[in-house]
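Report on the structure given below.
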Amino acid sequence: MSKLAEKTATELKGLLHSGATSCVEIMQSVLAEIRARESDVHAFITVRDESEVLKDAAEVDARRQRGESVGALAGLPIALKDNICTLGLRTTAGSRMLEKYVPPYDATVVKRVRGADGIIIGKTNMDEFSMGSSTENSAYGPTRNPRDLSRVPGGTSGGSAAAVAANMAILALGSDTGGSIRQPASFCGVVGMKPTYGRVSRFGLIAYGSSLDQIGPIARSVEDAALLLSVISGHDANDSTSLNLPAITSEAPAQARKLRIGVPKEYFGEGLSGEVRGAIEASIAQMQREGHTLVDISLPHTKYAIPTYYLIACAEASANLARYDGVRYGHRVADPADLLDMYARSRETGLGEEVKRRIVLGTFTLSAGYSEAYYLRAQKVRTLIRRDFEQAFEQCDLIASPVAPTTAFKLGEKTSDPLAMYLGDIYSVTANLTGLPALSAPAGHAPDGLPVGIQFTARSADDAALFHSGHTLSQ
Amino acid sequence: MSDQFDVRYVAQLARLALSEDEVTKFQGQLGHILSYVEQLKEVDVTGVEPTAHAQQVTNVFRADASRPGLEHAAALANAPRAANGLIVVPKVIE
């Protein structure tokens, strides 16, 4: 009999409904895991007070006992990435710049989680301002992969993925700008999903690249991910890029759709490690046995995805992070000589190295005389990448690929060369550039025991197709 | 192109007071990254429209009617220095 903290949200909801367990018991089980493992894993920046969360859990139990309706998240413990604003609960974006920042409002997704009776257990660790691929860029120390503490959990939603993998939360929210949900999900052996751009409101998400960012679920099963996505999705008047899309159901499909699975030849070349290739190919073969059809496809502009992504993301970041000036909130240097000194030294001392690097790159590529050669050109290549996918989706319903070229690397292994770190995003940035929905699901393990994720990408707004594919592979 | 990249000047534009070590480090690393992104010049983008946003969206407006915003106290709560209900900053005008 596994511990309550190890079960999926779907299983726990069943046990709650039948009266076999209570929210308080589930919360106690999760708190015990946090006490046992958090000092090694360091998934959280802020954990809420034990007595507070138990009180929240007891309140949901009481309502259930009185026969009152309880929301879809049923009083379960949820972890939130620390770039999602929570009213009255410190939100740092993994940075010293916001070390003491307490948001005066809830992000829209937080309102929805609370409205569905999810209980926020804490705020998870992340690369500062979502810039990184390993959670090593956090100003609060790295998170360690629960499967192997000498390795990274991935990033930038490394804390959320580690919390779910280590049973320190039942569900989590992350954010994904270039793969930041999917890659840590792959490295930690859990499910992570980036919705169609515009499906989930970005109101209250601390912005990195506004045309790329999306909030999405991290969970132990595809069904759980669909549940959390259905809670947080929906048009929001506070986010002018938010779309009106038909709702995602969290119900298991009556009949799994038989799909055409596109396999892009450019994704299986050099640079893909043998152990990842093996696990992906085995999963794809499995899908074929289950009745899906494999189709060879080509995405000719694949090699340009990383430079396109980094030019656009850094340019947008340089604009989005201009607000951290020491004026209204965040870190301000003591005794500034004048206004300019206040801006320059507050930003210098509050922001970490990778953040400053990307701001400088982004500022340069937007500056007079250079924006056409760099930023505008990247936006045009972005159009060509989008067209590659549109053409591919004429021949298939889902695209299958690796999530990352390797399994989880060792802490410190890639920190000295920024470009080497960037190149690991090769398979994940295209979903952000194109706005398409994409999911990472566990696809077994490498020979050394490390988890490997398989990625599926679907047509715009066809997020449901991702959940169908994942059902085939679920344990 | 990357020869013309002056870290000090760009840092000034971005209001970042980089240390000498950072300037040297970034000059090297960003020069290297800019060389890497030069490969985008290989792509034929004749007649291609830029994509600013993944979805084809247009500007969204609401009615020009005032609505309550943040409470004053809430808006001030995170200010590094505040006095008399205002945020205090160094002198702006000489």
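The values are calculated or read from the model by the stated rules, or taken from the named source; none is laboratory data. Predicted, not measured: the structure shown is a model, and the values here were computed from it. Every residue, glycine as well, gets a Cβ built from its backbone with ideal geometry; the counts of neighbours run over all protein chains shown. With ligands, DNA and RNA removed, areas are computed over all heavy atoms of the protein, side chains included. Shrake-Rupley method; radii C 1.70, N 1.55, O 1.52, S 1.80 Å.
Keeping all protein chains in position, work out how much accessible area A:ARG257 exposes to a 1.4 Å probe, and write it in Å² to the nearest 10.
Estimated to the nearest 10 Å², A:ARG257 gives 90 Å².
Other chains near B:21-31: what is the mean number of their Cβ atoms within 10 Å of each residue's Cβ?
Partner-chain Cβ atoms within 10 Å, mean over residues of B:21-31: 3.
Sum -39500 (n - 2.57) across every DSSP H segment of at least 4 residues in chain A, then divide by the residue count to get the 222 nm mean residue ellipticity, nearest 500.
One gets -11500 deg cm²/dmol as the mean residue ellipticity at 222 nm.
Which whole number gives the average, over all residues in B:33-42, of C-beta atoms from other chains lying within 10 Å of the residue C-beta?
Counting other chains' Cβ atoms within 10 Å and averaging over B:33-42 gives 6.
Mind listing the phi-derived Karplus ³J(HN,Hα) values for the range A:163-168, rounded to whole Hz, using 6.51, -1.76 and 1.60 with θ = phi - 60°, and x for any glycine or proline?
Per residue, the Karplus-derived 3J(HN,Hα) values read 4, 5, 5, 9, 6, 9 Hz.
Which sequence of A:ILE426, A:ILE399 reflects their accessible areas, 1.4 Å probe, from the largest down?
Ranking A:ILE426, A:ILE399 by accessible area, largest first, yields A:ILE426, A:ILE399.
Taking the highest mean first, how do the peptides A:388-396, B:42-50, B:62-70 order by number of other beta carbon atoms within 10 angstrom per residue?
In descending order of packing, they fall as A:388-396, B:42-50, B:62-70.
Would you grab the residues whose amide H sits under 5 Å from the one on A:VAL295? Only those 5+ places off in sequence or on another chain, please, with H modelled 1.01 Å from N.
Sorted by chain and number, the residues that satisfy this are A:ILE261, A:GLY262, A:VAL263.
Please report, in Å, the Rg and the Dmax of chain A, where both are computed over Cα atoms only.
Calculated on Cα positions, Rg and Dmax stand at 21.2, 70 Å.
Give me the summed buried accessible area for the A-B pair, 1.4 Å probe, to the nearest 100 Å².
Accessible area lost upon association: around 5300 Å².
Run the dipole for the protein assembly as shown about the Cα centre, Lys and Arg Cβ at +1, Asp and Glu Cβ at -1, nothing else charged, and hand back the magnitude in debye, nearest 20.
It works out to roughly 740 debye.
Using packing as a proxy for protection, rank A:66-76, A:188-198, A:446-456 so that the peptide with the highest average count of other Cβ atoms within 10 Å comes first.
Averaged packing, sorted descending, gives the order A:188-198, A:446-456, A:66-76.
In whole Hz, with x marking every Gly and Pro, tabulate ³J(HN,Hα) for the range B:58-68 from phi via Karplus 6.51 cos²θ - 1.76 cosθ + 1.60, θ = phi - 60°.
Along the range B:58-68, the couplings run 10, 4, 10, 10, 10, 4, 7, 10, 6, 9, x Hz.
Using helices alone, I'd like the mean residue ellipticity at 222 nm for chain B: each DSSP H run of four-plus residues gives -39500 (n - 2.57), total over residue count, nearest 500. List each step's numbers first, then the result.
Details: 3 runs with 30 residues, N = 94.
Dividing the helical sum by the residues of chain B leaves -9500 deg cm²/dmol.
Based on a Kirkwood Rh over C-alpha pairs, give the Stokes-Einstein translational diffusion coefficient of the range A:1-89 at 10 °C and viscosity 1.306 mPa s in µm²/s.
113
Enter the mean number of other protein chain beta carbons within 10 Å of the beta carbon of each residue in A:198-204, as an integer.
Taking all residues of A:198-204 together, the mean is 1.
Would you give the gap between the C-alpha center of the range A:55-80 and the C-alpha center of the range B:1-42, rounded to a whole Å?
First find each Cα centre; the distance between them is then 52 Å.
Can you find, among A:SER460, A:ALA72, A:SER401, the residue sitting farthest towards the positive end of the charge dipole of the protein assembly as shown, where Lys and Arg contribute +1 and Asp and Glu -1 at Cβ?
Positive-end residue among those listed: A:ALA72.
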